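Engineer: Okay, here's the structure, questions in a sec.
The values are calculated or read from the model by the stated rules, or taken from the named source; none is laboratory data. The model shown is predicted, which means the values in this text are computed figures rather than measured ones. Note: ideal-geometry Cβ built from the backbone for every residue, glycine included; neighbour counts use all protein chains shown. Accessible surface areas use protein heavy atoms only, side chains included; no ligands, DNA or RNA. Shrake-Rupley method; radii C 1.70, N 1.55, O 1.52, S 1.80 Å.
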Amino acid sequence: MLKLKVGLVGTSQLSFPGDKEAAFGACAEAMKKHAEKMGFDLVVYPTTVIVREDAIKAVQAMEEEKIDFLMVQHTSYSAGQLAPVLAKIKNANVGFWAIPEGAVDGAVPFNSLCSINMHMGIVAHYLKDYKIKVKWFYGYGEDEEFTRRLAITVKALTALKNLKHARIGLVGGMAPGFNDLYDDERNLNRRFEGLYFNRLHEYSELKDKAMSYSLAEIQPIADGMLKSSLGYADLAAQRTLEISARFYKAYKEFIAENNYDAIAVSCWPKFQDDFQYSICSVLGQLNDEGTVMACEGDVLSAVSMLALKYISGGDVTTLMDLSAFDEKDDTVLLWHCGPAAARYCEKNGYQLGCNYSGSAHEPGKGVTSRLGVTRNMIFDENPITVMRLSGECDKMFQMGGEFMLRDKPSFHGSRGWCGNLTLNGEKIGAKDLLNTILVSGFQHHFPVVIGDYTAEIKEFAAWAGLTPIKKVEYADCLQVIE
């Protein structure tokens, strides 16, 4: 994962009596410690910026360093002429930082807060046509609130930087009829300029590779798959375990050859047509090992899962459907056929089973067709965050909650009941959440990561220009969102 590169510049004015050099020096040292702990690179500009010409030199130096985020500390009140120069730095986001005065009466030592107030106003009004985004910061470098605020920015901008350098592949196209998942790649490319996306890979590329291996190459992989699943696979899954091992090896080599960070896989119908097989468990295993794998050719979910991976510092993501809701305890069931990563059931593990819904069933005969190898698991009790890009890659759905109620009945596959629900960080009931999803026309896939990253995702959305999908309270009448 690429590190964020942060530039620190101090601005000041000669007419305030506080010890500006000592104040900036202490904050620069604190920033060095934050850089080591939070995992970003830091460039400290050595000269105080006082006049416009100083600001021009500082910006040039930071642009040459190719920083991603410019932190401007207003160590004391600073000239308004500095704001346009610093805020318009190329290819970097900007923060303005004020420090406490360190006194409550007498001559004002720094007048720092007033300075960022003025500079934020200049950006918002005088430079309004430039649509520049600036985040404000306040406090000494080691202060808890400042540290928390900085950490959120680092995580959000690290994710944004890495997405703009990411490589995404689509194999086999989008699942037939799943037209809600359709996306215009031009919108994706504009939103995350620099992201590489290849939609031209065919299923046959992976099939040909998978079937080329000898059984001697494949058997140890199949044995390892069985061992990792508590040593159990039902009889129907065992019949296609070798095929899973073949496609796992094929995807591993394919990922390495193309240097992909994420892949959207059309996991049906071609797999089933050829092998009576679903690739679910292979996707789960590859997600375990660090490559984001999204089901059913869902490119925007692959990108969203990758964003969650970067925001969380490299944690494993998974992709779910919404399959049930329960008003009695305000929970929703996140479920999928069986592609979830082992990260989601570390306490109790998973077993290998089959996707029983992958082909037609005869009325009155129950489940007669059972396809391929899937991961049957109930998720551990953990806080989670859901986030997915939506609309024309200009909107974002963000939900929080906790996996809970492991003993509550649920369908076979990878699944968990989720309660303590939030939307954009605000509490929401299950029915209002469902109503919001359906009325807004949000797509039927839910990328998940373990942990609460609500603040980081909100900031990621703000920098990326994504509009959050807002709550629509349940009503019995037709509800239309313009």
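Engineer: Would you say Gln479 is of a type outside the set (Asp, Glu), assigned to a strand (DSSP E or B) and under 27 Å from Asp184 (Cβ atoms)?
Structural biologist: Here the answer is no, as Gln479 does not meet what is asked.
Engineer: Look at Ala87 and say whether it is within 19 Å of Ile116 (Cβ to Cβ) and touching a His at 6+ places or on another chain (Cβ under 9 Å).
Structural biologist: The answer is yes for Ala87.
Engineer: Still on this structure, please answer the following. For the range 83-103, which residues satisfy the criterion of being modelled with pLDDT of 95 or more, closer than 25 Å to Glu142 by Cα and in a loop (DSSP other than H, G, I, E, B)?
Structural biologist: Result: Ala92, Ile99, Pro100, Glu101.
Engineer: Another question, then. Residues of the range 441-453 being under 15 Å from Ile481 (Cβ atoms) and surrounded by fewer than 18 Cβ atoms within 10 Å (Cβ to Cβ), which ones?
Structural biologist: Gly441, the sole residue that qualifies.
Engineer: Can you list residue pairs whose Cβ atoms sit under 7 Å apart, with the first residue in the range 212-225 being free of Cβ contacts under 8 Å to residues at least 24 places away in the same chain and the second being of a type outside the set (Phe, Trp, Tyr) and open to solvent by less than 40 Å² (accessible area, probe 1.4 Å)? Count only pairs 6 or more apart in sequence or on different chains.
Structural biologist: Short answer, once both residue conditions are applied: Ala222/Leu241; Ala222/Ala245.
Engineer: Would you check which residues across the range 1-30 are assigned to a helix (DSSP H, G or I) and surrounded by 20 or more Cβ atoms within 10 Å (Cβ to Cβ) and list them?
Structural biologist: Once the filter is applied, which keeps residues that are assigned to a helix (DSSP H, G or I) and surrounded by 20 or more Cβ atoms within 10 Å (Cβ to Cβ), the range 1-30 yields Lys20, Ala23, Phe24, Cys27.
Engineer: How do the strands (runs of 3 or more DSSP E) wholly within the range 347-420 filter down when requiring 1 or more residues that are open to solvent by less than 50 Å² (accessible area, probe 1.4 Å) and modelled with pLDDT under 95: which remain?
Structural biologist: Answer list for the range 347-420: 351-355, 371-378.
Engineer: Can you give me the number of residues within the range 454-466 that are more than 25 Å from Met293 (Cα to Cα) and either touching a strand residue (DSSP E or B) at 6+ places or on another chain (Cβ under 7 Å) or open to solvent by less than 20 Å² (accessible area, probe 1.4 Å) (or both)?
Structural biologist: So the count comes out to 1.
Engineer: Quick check, is Met71 more than 27 Å from Ala103 (Cβ to Cβ), of a type in the set (A, V, I, L, M) and either touching a residue at least 60 places away in the same chain (Cβ under 8 Å) or open to solvent by 80 Å² or more (accessible area, probe 1.4 Å) (or both)?
Structural biologist: So Met71 does not fit the description; no.
Engineer: Turning to a different aspect of this structure: Of everything in the range 283-293, what is open to solvent by less than 10 Å² (accessible area, probe 1.4 Å) and without any contact (Cβ under 8 Å) to a residue 40 or more places away in the chain? Give them in sequence order.
Structural biologist: Those that are open to solvent by less than 10 Å² (accessible area, probe 1.4 Å) and without any contact (Cβ under 8 Å) to a residue 40 or more places away in the chain: Leu286, Val292.
Engineer: Follow-up question, since we're still on this one. Kindly provide the set of residues from the range 117-139 that are more than 23 Å from Gly465 (Cα to Cα) and out of contact with any Gly (no Cβ under 9 Å at 6 or more places or on another chain), ordered by number.
Structural biologist: Asn117, Tyr138, Gly139
Engineer: Of Leu181, Leu226, which residue is hydrophobic (A, V, I, L, M, F, W, C), closer than 25 Å to Leu163 by Cβ and open to solvent by less than 80 Å² (accessible area, probe 1.4 Å)?
Structural biologist: Leu181
Engineer: Please tell me if Pro84 is open to solvent by 80 Å² or more (accessible area, probe 1.4 Å) and not acidic (Asp, Glu).
Structural biologist: Taking the combined requirement at face value, the residue does not satisfy it.
Engineer: Could I ask something else about it? Among the candidates Asp432, Asp394, Asp452, which residue alone is without any contact (Cβ under 8 Å) to a residue 60 or more places away in the chain and not β-branched (Val, Ile, Thr)?
Structural biologist: Exactly one of Asp432, Asp394, Asp452 is without any contact (Cβ under 8 Å) to a residue 60 or more places away in the chain and not β-branched (Val, Ile, Thr), namely Asp432.
Engineer: Given the structure, is Arg186 within 30 Å of the chain's Cα centre (by Cα), more than 17 Å from Asp261 (Cβ to Cβ) and open to solvent by 30 Å² or more (accessible area, probe 1.4 Å)?
Structural biologist: Taking the combined requirement at face value, the residue satisfies it.
Engineer: Does at least one position in the range 241-257 carry a residue that is free of Cβ contacts under 8 Å to residues at least 12 places away in the same chain and of a type in the set (A, V, I, L, M)?
Structural biologist: The answer is yes, given that some residue of the range 241-257 is free of Cβ contacts under 8 Å to residues at least 12 places away in the same chain and of a type in the set (A, V, I, L, M).
Engineer: Quick check on the range 113-133: of everything there that is within 24 Å of Gly102 (Cβ to Cβ) and touching a strand residue (DSSP E or B) at 6+ places or on another chain (Cβ under 7 Å), which residue is most open to solvent (accessible area, probe 1.4 Å)?
Structural biologist: So the residue we want is Leu113.
Here's the yes/no breakdown for (1) surrounded by fewer than 16 Cβ atoms within 10 Å (Cβ to Cβ); (2) out of contact with any strand residue (DSSP E or B) (no Cβ under 9 Å at 6 or more places or on another chain):
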position	(1), (2)
Phe197	no, no
Tyr203	no, no
Lys209	no, yes
Leu235	yes, yes
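Engineer: Oh, and also: I'm trying to understand the selection: among the residues of the range 325-346, which are in contact with a strand residue (DSSP E or B) (Cβ under 9 Å, 6 or more places away or on another chain) and part of a loop (DSSP other than H, G, I, E, B)?
Structural biologist: Matches in the range 325-346: Asp329, Asp330, Cys337, Gly338, Pro339, Ala340, Ala341.
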